[in-house]
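Colleague: Structure in structure tokens, see below.
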Amino acid sequence: GEVLVAPIGLAPAGHRHEQLTAGVLREVPRKRADATKYRAGSVLIVGGSRGLSGAPILAGLAAFRADAGYVTLAVPESILAPVEVAVLEAVKRPLPEDGAGIVPVCVPAGGVLPNWSLSVTVTVDPTA
């Protein structure tokens, strides 16, 4: 059949809860043309739990939208698959978890997160 696209009379407009104005965005440093992913900023996101993959996924996507060059998502093994699919560009590291899907408070960083020293920003979900 025929597809008809018609305007419905709504003009694009801001909203009263808007926080990132054009003035704020002008102050954000831009990547240099010769920047590599290692020089453009690194982010390590640790979070999520069984059945709750949304927060680390959204944080990872936001990091890339903010122009981070290297993003690592450390998530429980049980949610690694959906995180892999949702945030293709990020490096993913599985975190060990117990039978209840809980990540131990003390996880040895060297084996799970070998490049942790690259990170400038770390986001930790306290429910993970």
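The values are calculated or read from the model by the stated rules, or taken from the named source; none is laboratory data. This one's a predicted model, so the numbers in the text were calculated from it and none came from an experiment. Using ideal geometry, Cβ is built from the backbone for each residue, glycine included, and neighbour counts are taken over all protein chains shown. With ligands, DNA and RNA removed, areas are computed over all heavy atoms of the protein, side chains included. Shrake-Rupley method; radii C 1.70, N 1.55, O 1.52, S 1.80 Å.
Colleague: Could you order peptides 77-88, 7-18 by the average number of other Cβ atoms within 10 Å of their residues, highest first?
Modeller: So the peptides 77-88, 7-18, ranked by packing, come out 77-88, 7-18.
Colleague: Near ALA66, within a Cβ-to-Cβ distance under 12 Å, what is the net charge of the other residues, with Lys and Arg +1 and Asp and Glu -1?
Modeller: Once positives and negatives cancel, what remains is +2.
Colleague: Can you classify the stretch 5-78 as rounded, prolate or oblate using the Cα gyration tensor, where a ≥ b ≥ c are the square roots of its eigenvalues, rounded means a/c under 1.5, and otherwise it's prolate if a/b beats b/c and oblate if not?
Modeller: oblate
Colleague: Rounded if a/c is under 1.5, else prolate if a/b beats b/c, else oblate: with a ≥ b ≥ c from the C-alpha gyration tensor eigenvalues square-rooted, which is the stretch 59-103?
Modeller: Prolate, because a/c is 1.5 or more and a/b exceeds b/c.
Colleague: Okay, next question. What FRET efficiency comes out for ILE8 versus ALA66 if R0 is 35 angstrom and r is the Cβ-Cβ distance? Round to the nearest 0.05.
Modeller: 0.60
Colleague: Testing the spin-label approximation: label points 7 Å from Cα along Cα→Cβ at LEU88 and VAL24. State their distance in nm.
Modeller: Distance between the two pseudo-spin positions: 3.0 nm.
Colleague: Could you sort 21-27, 51-57 so that the peptide with the highest average Cβ count within 10 Å comes first and the rest follow in order?
Modeller: 51-57, 21-27
Colleague: A follow-up question, please. Please calculate the 1.4 Å probe accessible area of LYS92, with all protein chains present, and give it to the nearest 10 Å².
Modeller: Counting only protein heavy atoms, the figure is 20 Å².
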